[in-house]
1. Quick one: is B:GLY29 more than 7 Å from chain A (Cβ to nearest Cβ) and touching an Asp or Glu at 6+ places or on another chain (Cβ under 7 Å)?
2. Could you check the stretch A:1-16 and list, in sequence order, the residues that are surrounded by 13 or more Cβ atoms within 10 Å (Cβ to Cβ) and over 20 Å from B:GLY96 (Cβ atoms)?
3. Among the candidates B:ARG28, B:ARG4, single out the residue that is among the basic types (Lys, Arg), at pLDDT below 85 and either out of contact with any helix residue (DSSP H, G or I) (no Cβ under 9 Å at 6 or more places or on another chain) or not assigned by TED's automatic domain parsing to the domain that holds B:TRP120 (or both).
4. Given (1) free of Cβ contacts under 8 Å to residues at least 24 places away in the same chain; (2) within 11 Å of chain A (Cβ to nearest Cβ); (3) closer than 30 Å to B:ILE152 by Cβ, where does B:ASP58 come up short, assuming only one miss?
5. What are the residues in the stretch A:100-159 that are among the polar types (S, T, N, Q) and either assigned to a helix (DSSP H, G or I) or in contact with an Asp or Glu (Cβ under 7 Å, 6 or more places away or on another chain) (or both), if any?
6. If A:ALA96 passes every condition in (1) at pLDDT 90 or above; (2) under 17 Å from the mean Cα position of the chain (by Cα); (3) in a helix (DSSP H, G or I) but one, which one does it miss?
Amino acid sequence: MLFNIVLYVLAAAALCISFRRDRQKTKKALAIAWNSFRNLIPTMLGIIGLIGLMLALVPREVIAGLFGNNSPAGILLISLAGAVTLMPAFIAFPLAASLLQSGASVMAVACFITTLLMVGIITAPMEVNFFGKKFTFCRNAIGFVLALVIGGVMGVVMQ
Amino acid sequence: MKSRLRRYALFALVVVADLFLSWQYPARGSEAVKSALDYLVEMLLFMPPIFVLVGLLDVWVPRQIVEKNVGPDSGVRGVVISILVATAAAGPLYAGFPVAGALLRKGCRLANAVIFLGTWATIKIPMLMMEVKFIGLPFALLRLALTLPAIIATGYLMEMILKVGETGRFAQGAGEKNY
């Protein structure tokens, strides 16, 4: 919430300064803002709907249930779950903490967090919108591999 | 017109799924719609100022400034600036896409844009603070120490894979078509 307020104050202040200096440029800036926002709406609505479906169909308990299994296959499954899901940090970190407390291994939790943050399958359509398919695929693929490496090292170091 | 409609395909699919769910499993269906609406409100709250700032950045910040600071010849300085600016960000990664897109159009080096996105996604300060609070300092510090080199490596790897060549510029037109 505080972040939103700061953002609005910042945008409003910048807009005022810009308007005083040059009306035409400010108009152009607002046109650019509106066009890019309008362009994003179809993809954004679809993604928001997907997130809603995901939260309803894959409850937290199901994700938590994955963590009982710490075999390589289990870790891979958790990492895939992290790559596919999208949740805000204020949900993800408390969830990770509660998983650790209920006995999940550091490696499993670390892999979930790193894949969650470094790979975004759900937001990929938005990323494609801005940077193209190849960029999006490569960035997420590299992210997935490095997320597994980081999660693995963390699991070994913090055992 | 046709391509415009096609962009709503995902949304239409989701609506059909929501309707089916509400018909067969009313509780799940209403939960899905409710979470989606919550998210929509959250996004509509913070996306407008971000787009306004991106628009202002587009008209006011001259290409030379972006090129000089994070462009092809910015070297280590460019990497450091990309990381520092992104750690100060907040909000989900999809809010960072339009910002990185605008930077690329202004001549930002591809590696730096990828580093910017990676930092935004994984180690921005508000996120680290929450991680320390809920999981603990050792976990957060170790993840930070391992993630930082990974992000930088990803930036340069992306340049090699996408073959942007010596200029370090990302010639892909995808970013342009939005305007």
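The values are calculated or read from the model by the stated rules, or taken from the named source; none is laboratory data. Model, not experiment: these values are computed from the prediction. Methodologically, a virtual Cβ is constructed for each residue, glycine included, from the backbone with ideal geometry; neighbour enumeration extends over all protein chains shown.
1. Details: more than 7 Å from chain A (Cβ to nearest Cβ): yes; touching an Asp or Glu at 6+ places or on another chain (Cβ under 7 Å): yes.
The answer is yes for B:GLY29.
2. The answer is A:LEU15, and nothing else.
3. Just a single option satisfies the conditions, and that option is B:ARG4.
4. Every listed condition holds for B:ASP58 apart from (1).
5. If the condition is that a residue be among the polar types (S, T, N, Q) and either assigned to a helix (DSSP H, G or I) or in contact with an Asp or Glu (Cβ under 7 Å, 6 or more places away or on another chain) (or both), then A:GLN101, A:THR114, A:THR115, A:ASN129, A:THR136, A:ASN140 are the ones that fit.
6. It fails just one condition, (1).
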